[in-house]
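Trainee: Please read through the structure below; I'll follow up with questions.
Please treat every number below as a calculation from the coordinates, not as lab data. What you are looking at is a predicted structure, and each value in this text was computed from that prediction instead of being measured. Virtual Cβ from ideal backbone geometry, glycine too; neighbours counted across all protein chains shown.
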Amino acid sequence: SDGSIRLHQMTSEYPLMQWNDSTKGQPVIALQWALTRPAVFFALDASSNIYIWDLLENDLLPVAKQTIPSEKVVTMTLLGEPEKANGLLGIVLAKESGQIDIQYVKKKWALP
């Protein structure tokens with residue numbers, strides 16, 4: 001609820017990494033690892049901002065931020081085929097009106 005993100009290992013109650021105020025205080029409402037690239041995850045905050053984290057490129061800050069200005073996004077999920085090396089990775093956004101939007105991610109964040 002405070003915008004912090006914690007990375008845990010299943011065998012420990014203490015986080016391996018913690019990013020405080022990663023969304024400038026906005027609650028994180030969805031977070032998911034990329035299906036095709038293990039070091040990348042996506043976070044959606046309550047202000048409809050999507051943050052892309054690539055831990056191999058930068059483990060302190062997100063590598064990109066995209067604001068969805070048209071309408072409030074209430075949740076997101078990712079789609080892709082991890083068993084294929086084509087690097088296709090999409091973000092499915094559910095908007096407050098019930099509209100679904102699918103956007104594809106740049107190859108640099110999707111390729112295995």
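Trainee: Output wanted: per-residue J couplings in Hz (rounded whole) for segment 64-72, from phi through Karplus 6.51 cos²θ - 1.76 cosθ + 1.60, θ = phi - 60°, x for Gly and Pro.
Mentor: For segment 64-72, the Karplus curve yields 7, 9, 10, 9, 9, x, 5, 7, 5 Hz.
Trainee: Can you check what the net charge comes to around Q18, using other residues whose Cβ is under 15 Å from the Cβ of Q18 (Lys, Arg +1; Asp, Glu -1)?
Mentor: -3
Trainee: Compare the Cα positions of S22, G87, F41 along the charge dipole of segment 5-109 (+1 at Cβ of Lys, Arg; -1 at Cβ of Asp, Glu; about the Cα centre) and return the one farthest towards the positive end.
Mentor: Of S22, G87, F41, it is G87.
Trainee: Can you compute 3J(HN,Hα) from phi for each residue in segment 105-112, using the Karplus curve 6.51 cos²θ - 1.76 cosθ + 1.60 with θ = phi - 60°, rounded to whole Hz and x for Gly and Pro?
Mentor: 8, 4, 4, 5, 9, 10, 5, x
Trainee: Could you size up the charge dipole of the chain around its Cα centre, putting +1 on the beta carbon of Lys and Arg and -1 on that of Asp and Glu, and report it in debye to the nearest 20?
Mentor: Dipole about the Cα centre, nearest 20: 300 debye.
Trainee: Which distance in nm do the two modelled labels at Y14 and T75 give, with both placed 7 Å along the Cα-to-Cβ direction?
Mentor: 3.4 nm
Trainee: Among L93, L55, L31, whose mean-square fluctuation peaks in a Gaussian network model of the chain (Cα, cutoff 10 Å)?
Mentor: Maximum fluctuation in the GNM of the chain, among the listed residues, is at L55.
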